[in-house]
Each structure stands twice: as structure tokens, then as C-alpha cells.
Amino acid sequence: MPEALLELEDVEARYGQVRALHGVSLGVAEGEVVAVLGANGAGKTTTLRAVSGTVRRSGAIAFAGKSIARRSPEFVARLGIAHVPEGRGTLSELTVAENLRLGAYTRRDRAAVREDERRVLDHFPWLEERRDQRAGTLSGGEQQMLALARALMLRPRLVLLDEPSLGLAPKVVAEIFRIVGELNEREGLTVLVVEQNASLALSASSRAYVLESGRVALEGTSAELRRDESVRRSYLGY
Amino acid sequence: MLLALDWTQLAQQTVIGLSSGGTWALLALAIVLIYRSTGVINFAQGEMAMFSVFIAWSLVNHGLAFWAAFFLTIAISFAGGVAVERVVIRPVEAAPVLTVVIVTLGLLFVVDGASKIFWSPERRTIPNAFSTRPIDVAGVAFSIQDLGNIAVSLGLVVLLWGLFRYTKLGLALRAAAGNPDESRLLGIRVSWMLALGWGLAAALGAVSGMLTAPALGSFDQNLMQPVLLYAIAGAVLGGIESPLGAVVGSLLLGVFVTLIGTYVGWVGTTLRLPVALAVILGVLLIRPTGLFGRSEARRV
Amino acid sequence: MRRALGIGLWVAMVIAGLAVFLLLPHFVSDFHSRDLAQAGAFFIAIIGLNLVTGYTGQISLGHGALMAIGGYTTALLVVHEHWRDVWTIPLAGIVAGIVGFVVGLPALRLSGLYLALATFALAVALPDLIKKFSHFTGGTDGENFLASAPKQVTGLGGITIFGHSMTQNHFLYYLTWSIGIIGFFLAWLLVRGRAGRTFRSVRDSEVAAASSGVNLAATKTVAFALSGVYAGVGGALYVIQNEIVDPLSFTVSVSILILVGAVVGGLGSLWGLVLGALFVEYLPTISTHVSTRPGVPDFVYGAAIIVVMILLPTGAGGLIQRLVRPLTSWLYTRP
């Protein structure tokens with residue numbers, strides 16, 4: 001595996017007294033789409049939260065070689081890690097345009113931000129007409145795409161995508177994964193995606209980890225995992 | 001009866017009402033600002049404003065010109081508000097709401113006590129921002145002070161509105177207030193946004209106090225206690241979740257209370273406060289979210 | 001074996017507590033007995049407030065007003081109807097309970113902040129309302145037991161009960177804290193039973209509670225009524241201790257004071273409430289001891305409240321629970 005952009009080693013995390021991760025190790029290289037799979041409660045979302053610093057964690061977490069294990073979410077965002085949380089994280093009271101603007105909050109390069117805004121609107125042209133609409137009034141699928149667009153406004157080096165398919169119709173979900181794939185192919189966007197819908201995630205990613213009870217139970221290329229029937233049935237449910 | 005109405009008096013009383021309402025609106029705005037960002041009613045807001053007025057008094061007393069003292073006080077109050085949030089509120093940011101409420105109540109006593117330690121509880125005066133002479137507008141006499149108060153209040157409101165609507169900082173403040181967790185993921189330092197909110201609120205309170213004090217003639221440490229109640233009443237009337245509501249509600253309340261005091265004999269000026277309380281209770285019973293609040297739909 | 005140990009510890013604590021209660025007046029001055037008696041009155045009101053705010057989640061900034069209702073009921077019965085002061089206590093509780101119920105009715109439509117504001121407005125308005133009905137309530141002068149009805153005041157000049165003679169202050173202490181202990185016990189029975197679970201379900205999620213069949217209206221108004229009874233009894237005892245009442249006896253400061261006591265004591269838990277009551281009784285005195293220069297007592301008072309809240313955000317009860325949890329989980333888990 002080439003030099004890892006993101007590296008987790010023996011990461012533990014807990015919510016109050018309850019331990020959710022019992023030592024997770026994984027890596028994401030630049031330009032990859034890596035999937036994290038597993039049943040409900042396996043610790044998938046917690047893993048992303050450990051990276052962005054929104055849960056109490058311990059262990060080694062390195063981004064571009066530097067440790068971020070003790071860093072706040074604000075700092076992590078400034079490094080170029082865009083976390084699209086479970087439930088989209090839409091700033092519901094603000095307009096679509098304002099949501100996008102805030103995606104680039106930490107950036108100082110005004111001209112580049114404007115350029116990115118144009119590119120983002122190319123990917124999601126319908127956002128232009130909804131500029132002044134309150135983001136909370138968008139449909140689930142639209143909010144998911146807004147969240148992705150907003151993440152792109154950061155010009156991120158890594159996107160953490162948490163359960164993008166949650167609560168959305170299959171057609172919408174397929175569209176979202178198509179866009180993710182396109183961004184990865186054309187622009188080399190690095191993505192760590194957490195998904196319950198294993199088949200979808202495996203077709204969109206090059207490698208995957210399967211979590212079980214807060215530990216990595218299985219890892220390999222997505223192609224391997226898709227082919228292995230026993231793996232599919234016992235871990236992935238299909 | 002309508003024909004017997006004295007239009008001149010009505011106009012004058014309305015302006016007086018708008019003037020009082022304007023000063024209440026600033027404090028109401030401060031309360032709404034903190035409510036939206038920190039989630040509690042800061043019961044100490046009035047006392048903090050009172051403290052600012054005493055600072056202004058000291059500055060003037062030491063020879064500073066009024067307007068210089070005015071702006072310096074605003075700056076000091078802003079810093080003070082930020083400091084209060086960092087020292088007193090930040091430690092309980094994650095605590096249950098009632099704990100934070102109790103902290104603001106403790107803050108009320110702390111600020112009140114501190115003001116009595118630094119300044120003896122005798123009555124003082126600060127100079128007027130505007131002259132007390134009357135001015136003739138369309139044949140009706142109005143006081144420059146009242147018109148000036150209205151101008152300053154509305155001006156400040158517009159300034160604040162511009163800040164929130166059109167600046168990156170204002171946008172971040174709104175995001176941090178409404179969706180703190182999601183905002184952190186975008187790199188917004190939510191904790192500092194809260195502090196900023198407290199600073200702005202303190203500055204608003206300072207202006208409210210500095211406009212109120214001269215209007216009363218002389219003042220002491222009890223200056224802002226009734227104003228806090230009027231501000232809460234105005235904010236409730238307009239909708240405590242809405243900054244626009246706080247302003248409009250306070251202006252309406254000011255006019256309402258003044259007109260009732262003038263035209264309904266037995267109310268006079270002594271029952272203004274009970275009228276404000278009645279407004280609070282009335283609004284809460286009929287439409288809790290106020291004029292501009294969005295009514296919460298809840299079928300259970 | 002562990003269960004027996006647990007129960008044994010429990011019983012030992014209760015006995016120790018009762019011993020402290022019975023013997024304390026002999027170790028403190030007569031004057032302090034008065035203070036402790038007043039703390040007891042607050043303790044009772046705080047229990048009530050905890051039932052409605054801590055357990056049922058309905059914020060009330062107006063319980064001082066309910067104390068006033070109880071206090072005035074006692075005063076009027078003593079002065080105008082010539083009742084013996086102690087016999088007015090149950091009626092004071094009932095009247096305040098009814099008023100609490102009435103207050104609870106409009107409160108059904110309000111939640112959280114709005115309820116806090118409404119009760120706050122009521123508490124602020126009460127002294128003026130009392131003054132307005134002066135022909136009934138004695139107006140600004142209030143009612144003074146010693147002046148108008150000295151014969152109705154129990155224990156004046158010493159009293160003999162069960163063969164023991166004691167000063168009036170000791171009598172007030174025992175009276176108040178006996179009622180307090182009984183009230184505490186009743187509240188304890190209530191919260192550990194179905195009622196307690198119902199209250200807490202409303203606090204935690206009204207929608208969930210209603211979908212599970214809980215009658216929100218009944219629960220909330222009952223909680224308000226019950227807390228009113230406690231507040232009324234507390235108010236009655238307060239007035240009996242002070243032998244005087246006027247519109248300024250129960251300003252909004254009292255409502256704030258007992259709320260502070262409830263939060264410092266620990267909402268949603270009964271054990272810390274004694275500490276909460278002692279806190280609100282003694283803090284003002286301690287603040288004045290630091291210095292009587294204007295402003296210093298207020299400053300110390302407020303600073304103490306803030307520091308306590310920062311150190312113990314969940315109150316003394318929260319701390320007690322955290323300390324006791326390892327013990328109880330050890331006692332009650334199978335090895």
C-alpha cells in the first residue's frame with residue numbers, strides 16, 4: 001500500500017463509560033476510496049468521529065504523517081479533512097448558499113474559493129436555483145448532496161462520508177455514489193466512506209474494512225470481499 | 001370619541017413610547033442573542049448593563065468627554081462580556097440548562113455586589129447623549145433626546161443585522177448558535193463564537209443603560225432592574241427566538257405601556273411594570289412563541 | 001450476603017441520620033436551632049420543587065409564590081380565625097396544593113423556557129397582588145402574630161412535650177424537621193414507585209411518554225399540585241417561625257433561592273436536598289460574615305453559587321450518586 005494519507009493504529013473510543021472501539025487499525029492512501037462496513041453498532045460511525053475528534057479517543061491517528069489524535073474538530077477541519085456526518089449535518093436555519101460559503105470557512109484564498117464554488121455548482125447545478133432556500137427545507141437526498149458539495153468547498157484532502165445512504169431512496173443513493181466515484185476518478189478525491197449498504201459501498205470503493213464489535217474483523221480489496229461468498233453472507237448480509 | 005382625540009398628544013406619547021421601547025429593545029436583543037447562542041436567559045444582563053453605566057460615569061467623572069466615554073464604555077463592556085463567558089459560562093457549557101440558569105443568577109449577585117463595592121450606593125447622574133431641548137416637527141414638539149434614543153437604537157439594530165446577515169463572522173455566529181456540532185466540523189471555533197455573542201450582548205446592554213440613565217435624571221444600582229423586565233416582556237411579545245421580534249416587540253411594548261399610562265387613568269405610571277408582567281403572561285398563554293416566533297407544531 | 005450488607009448499611013445510615021436529627025439541638029446554640037428550623041422549611045419546599053422540576057422536568061421559577069400562599073393561609077387563619085398556628089399547616093399545604101394545580105393547568109401548554117418565564121412573571125407579580133388585596137391580606141403591613149394573636153403562637157416562652165421541656169426554638173426545630181423527614185420519606189416512596197417512573201418519563205421525553213399511554217396533563221398538574229403542597233407547608237412553617245408575614249416576605253428572590261437549593265442539592269435525586277437547604281439557609285449569613293461593606297455579601301453570595309455550580313454541575317446529589325455508585329454496584333452484582 002502506498003504512503004498512507006490517514007493512518008489509524010489501535011484506536012479506542014468511548015461514549016461516557018461505554019467503549020465503542022476496542023483497537024481499530026486502518027489506513028487510507030491518497031486517491032483511494034476506502035469503505036468501512038459492518039452491522040449496526042459495530043463502530044463504523046465512531047471510527048469517523050475518532051478521526052475528526054468528535055468523540056473521546058486514544059491511540060495513534062496520523063494524517064499526512066502528523067498526529068491528530070489530540071486535536072479538536074476545528075483543527076482537523078483546518079487540515080483539510082471534511083467530515084460529512086451521519087444525518088448530513090446541514091445547517092438547517094441557513095440558506096443553501098450560506099451552507100456552501102461556510103464549507104470554505106477556514107480558507108483564505110478567496111479567488112480559489114470562488115473557482116471551487118463554480119466547480120461545485122457544475123457538479124450540482126440545481127443548487128444554483130435553490131441558493132436562497134433554507135437548507136432545512138431541502139429533501140433528504142438534496143441535503144446529502146448539499147453536504148457533499150459543502151465538503152468539496154473545503155478543497156479537502158480527505159472526505160469522511162458517514163452513511164450517505166441513510167434514509168434515502170435507492171435512486172438518490174446511486175446518484176450520490178456515482179458522483180463520489182466521478183470525483184475520485186477525475187479529481188483524485190480521497191474518501192473514507194462508512195456504509196451499512198455493503199454491496200453499494202463495495203462497488204464504489206477499492207478497499208474495505210469490516211468492523212465487528214469495535215474491532216476490524218476483516219480487510220481486503222473490495223473485489224476480493226465481493227467475490228467471497230462466505231464473507232458476504234456472514235459479515236455483509238447478502 | 002375619535003374626533004376628540006388629541007393627535008398632537010398621541011404623536012408625542014408615541015414617540016416617548018418608542019424612545020423607551022428602543023432602549024428596552026437593545027437589552028432585549030442582548031437577551032435573545034445569548035438565548036440563541038447559549039440557550040439560556042441571562043438574568044444578569046441588566047446588572048451587567050448597569051455596571052457599564054457606572055463605568056461610563058467614572059470615565060466622565062475623570063474628565064472624558066461624553067461621546068468618548070460612550071464608545072470606550074462600549075469597548076470595555078464588550079471585553080467584559082467576553083471575559084464573563086470565558087470565566088463563568090465556559091466551565092458549565094456542557095452542564096444541564098438549569099445549572100447554567102443558576103450560574104447567571106449567581107452572576108447577577110456578583111455583578112450587583114461588585115458595583116456596590118466599587119461605587120457607593122448613592123444617586124449619580126451622567127450627562128445626556130442628546131440635548132433635552134424640544135424640537136419642532138410638523139408643528140408638534142418632540143424632545144431631541146427621545147428622537148436621538150430612537151435613532152441610536154434603530155441604528156444599532158441595523159448595524160447588528162448587517163453584521164449577522166452579510167459578514168463571514170456573522171454567518172459563523174449564526175451557524176455556531178444554531179448547529180454547534182456541525183459547525184465545529186466546518187472549522188468554526190464554536191466556543192469563541194459564544195464568547196463573541198456574550199461580548200456583543202454586553203455592548204448592547206451598555207448602550208441600553210447609557211440611554212436609560214439620563215432619561216431617569218439620577219440613577220443608582222437599581223437602574224436596570226425594571227428595564228430587564230421590560231426587555232424580557234418585549235422579547236416574549238415579539239418572540240424570544242427572534243431578534244427581529246425582540247426589537248419590534250419592545251418597541252410595541254414601549255408604545256403600548258406609554259399610551260395605556262396616558263389614556264387609562266388608574267394605570268398611570270406606577271402600574272407600568274405590572275402591565276408588562278401581564279403582557280408576558282398573556283402572550284405565554286395565548287401564543288408562547290410571540291408575534292414573530294414560529295409556532296411549534298406538536299401533536300401528541 | 002452482599003444484599004444483607006447493603007441493607008445493613010442502609011439501616012445504619014438511617015439510624016445515624018435520625019440520631020443526628022434528634023440530638024443536634026443539644027450541641028448547637030438556641031439561636032442556631034432557629035436557623036436550622038428555617039433551613040428545614042426551605043428543605044420541605046425544595047423537596048416539592050424537586051418533584052416538579054427535577055423529576056417531572058417542569059421548570060418553575062415561582063415556587064416562592066406557592067410558599068407565600070401557604071404562609072398567608074397560616075397567617076390569616078391564626079390572626080383572623082384564631083387557629084393555633086401548628087394546626088394551620090395541613091390546610092396551608094392543601095390550599096397551596098390547589099393553587100399549584102391551578103398554576104399547572106395553563107402550564108400544560110408551555111414548556112422549558114416559556115414555563116420558566118411564566119412562573120417567573122407570576123413570582124414577580126405576587127407581592128403587588130398581595131398589596132392590591134390589602135383588605136384581605138393586611139396589605140403592606142402584613143400580619144404580625146405577636147402583635148395581633150400572641151395566644152395562637154405555640155411554644156412562646158417554652159413548651160413541654162412528652163414530658164420534655166424545651167425552648168420555643170427547639171420546638172420549632174423538631175416540628176419542622178419531623179415534618180421534613182416525613183415529607184422526605186413520602187417523596188422517596190413516591191419516586192421509587194410507578195409515580196416516580198411516570199414523572200421521569202415526562203421529563204425525559206413527553207412524546208415518548210404520551211405514546212406509551214401516560215396522561216401528560218394529569219401527570220404535570222399532579223406534580224405541580226404535589227409540589228404546591230410541599231411549598232405551602234414549607235411556607236407555613238417559615239411564617240410560624242418568624243411570627244410575621246408581609247408582601248415582601250416572599251419576593252421572587254425566594255423562588256430563586258429554593259431553585260438554587262434544589263439545583264445545588266441535586267435535581268432528580270433526594271439525598272442531596274438537605275445539603276441544598278443548608279446551603280441556601282447559611283450562605284447569606286456566611287456572606288455577611290465575610291464583610292458587611294456594601295456589595296461584598298452579594299458578591300460572595302453570587303460567587304459561591306457560581307463556584308458550586310462549576311464544581312458540581314449536577315449538584316450535591318449528583319456527587320453523592322457518583323460516589324455511591326461503585327459501592328452499590330459492588331453490593332448488588334453477583335460475584
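Tabulated data for the structure shown
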| quantity | calculated |
| --- | --- |
| Within the stretch A:148-182, tally of residues that are away from chain B (no Cβ under 14 Å) and touching a strand residue (DSSP E or B) at 6+ places or on another chain (Cβ under 8 Å) | 4 |
| Test: residue in the stretch A:66-74 that is crowded, with 22+ Cβ neighbours inside 10 Å, within 14 Å of chain B (Cβ to nearest Cβ) and modelled with pLDDT of 90 or more | yes |
| Residue within the stretch C:120-131 that is in contact with a Gly (Cβ under 9 Å, 6 or more places away or on another chain), within 14 Å of chain B (Cβ to nearest Cβ) and among the charged types (D, E, K, R) present | yes |
| Any hit, the stretch B:137-147, residues being at pLDDT below 90, out of contact with any strand residue (DSSP E or B) (no Cβ under 7 Å at 6 or more places or on another chain), assigned to a loop (DSSP other than H, G, I, E, B) and aliphatic (A, V, I, L, M) | yes |
| Residue in the stretch A:211-225 that is over 20 Å from the mean Cα position of the chain (by Cα) and either under 23 Å from residue A:102 (Cβ atoms) or buried (at least 22 other Cβ atoms within 10 Å of the Cβ) (or both) present | yes |
| Matching option when the condition is more than 14 Å from chain B (Cβ to nearest Cβ), part of a helix (DSSP H, G or I) and among the hydrophobic types (A, V, I, L, M, F, W, C), among C:105, C:117, C:146 | C:146 |
| Qualifying residue in the stretch C:28-50 (condition: crowded, with 18+ Cβ neighbours inside 10 Å, hydrophobic (A, V, I, L, M, F, W, C) and within 14 Å of chain B (Cβ to nearest Cβ)) | yes |
| Residue that is surrounded by fewer than 18 Cβ atoms within 10 Å (Cβ to Cβ) and facing another protein chain (nearest Cβ under 10 Å), where the choices are B:117, B:144 | B:117 |
| Where a residue in the stretch B:225-240 is facing chain C (nearest Cβ under 10 Å) and buried (at least 24 other Cβ atoms within 10 Å of the Cβ) and its partner, wherever it lies, is acidic (Asp, Glu) and assigned to a helix (DSSP H, G or I), with Cβ under 9 Å and at least six apart | none |
| Any hit, the stretch B:64-87, residues being hydrophobic (A, V, I, L, M, F, W, C), free of Cβ contacts under 8 Å to residues at least 12 places away in the same chain, assigned to a helix (DSSP H, G or I) and under 24 Å from residue B:229 (Cα atoms) | no |
| Pair list, Cβ under 9 Å, 6 or more apart: the stretch C:281-297 residue within 13 Å of residue B:110 (Cα to Cα), other residue assigned to a helix (DSSP H, G or I) and charged (D, E, K, R) | C:287/C:298; C:294/B:116; C:295/B:112; C:295/B:116; C:296/B:116 |
| Condition check for residue B:128: outside any helix (DSSP H, G or I), touching a residue at least 40 places away in the same chain (Cβ under 8 Å), touching a helix residue (DSSP H, G or I) at 6+ places or on another chain (Cβ under 7 Å) and more than 8 Å from every other protein chain (Cβ to nearest Cβ) | yes |
| Set C:176, C:154, C:198: member being in a helix (DSSP H, G or I), touching a residue at least 12 places away in the same chain (Cβ under 8 Å), polar (S, T, N, Q) and farther than 30 Å from residue B:289 by Cα | C:176 |
| Only one of B:111, B:88 that is within 7 Å of chain C (Cβ to nearest Cβ), within 19 Å of residue B:195 (Cβ to Cβ) and buried (at least 22 other Cβ atoms within 10 Å of the Cβ) | B:88 |
| Residues being over 21 Å from the mean Cα position of the chain (by Cα) and part of a helix (DSSP H, G or I) - total across the stretch B:177-192 | 10 |
| Filtered residues of the stretch C:104-147 (kept if of a type in the set (Lys, Arg) and either out of contact with any helix residue (DSSP H, G or I) (no Cβ under 6 Å at 6 or more places or on another chain) or closer than 30 Å to residue C:202 by Cα (or both)) | C:109, C:132 |
| Test result for residue B:278, within 11 Å of chain C (Cβ to nearest Cβ), among the small types (Gly, Ala, Ser) and assigned to a helix (DSSP H, G or I) | yes |
| Of all residues making up the stretch C:248-267, the number that are surrounded by fewer than 23 Cβ atoms within 10 Å (Cβ to Cβ) and in a loop (DSSP other than H, G, I, E, B) | 1 |
| Among residues of the stretch A:135-147, those that are in contact with a strand residue (DSSP E or B) (Cβ under 6 Å, 6 or more places away or on another chain) and more than 24 Å from residue A:41 (Cα to Cα), counted | 0 |
| Top-ranked residue in the stretch B:172-182 [being crowded, with 24+ Cβ neighbours inside 10 Å and more than 7 Å from chain A (Cβ to nearest Cβ); ranked as farthest from residue B:77 (Cα to Cα)] | B:176 |
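Residue-wise test of (1) assigned to a helix (DSSP H, G or I); (2) farther than 25 Å from residue B:18 by Cα; (3) hydroxyl-bearing (Ser, Thr, Tyr).
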site: B:194; (1), (2), (3): yes, yes, no
site: B:197; (1), (2), (3): yes, yes, no
site: B:205; (1), (2), (3): yes, no, no
site: B:209; (1), (2), (3): yes, no, no
site: B:223; (1), (2), (3): no, no, no
site: B:232; (1), (2), (3): yes, no, no
site: B:235; (1), (2), (3): yes, no, no
site: B:244; (1), (2), (3): yes, no, no
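Here is a yes/no grid of residues against (1) surrounded by 16 or more Cβ atoms within 10 Å (Cβ to Cβ); (2) facing chain B (nearest Cβ under 10 Å); (3) farther than 23 Å from residue A:173 by Cα:
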| position | (1), (2), (3) |
| --- | --- |
| A:88 | yes, yes, no |
| A:94 | yes, yes, yes |
| A:100 | yes, no, no |
| A:105 | yes, yes, yes |
| A:122 | no, no, no |
| A:128 | no, no, no |
| A:144 | yes, no, no |
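The values are calculated or read from the model by the stated rules, or taken from the named source; none is laboratory data. Values in this document were obtained by computation on a predicted structure and should not be read as measured data. Cβ atoms come from the backbone with ideal geometry, glycine included; neighbour counts cover every protein chain shown.
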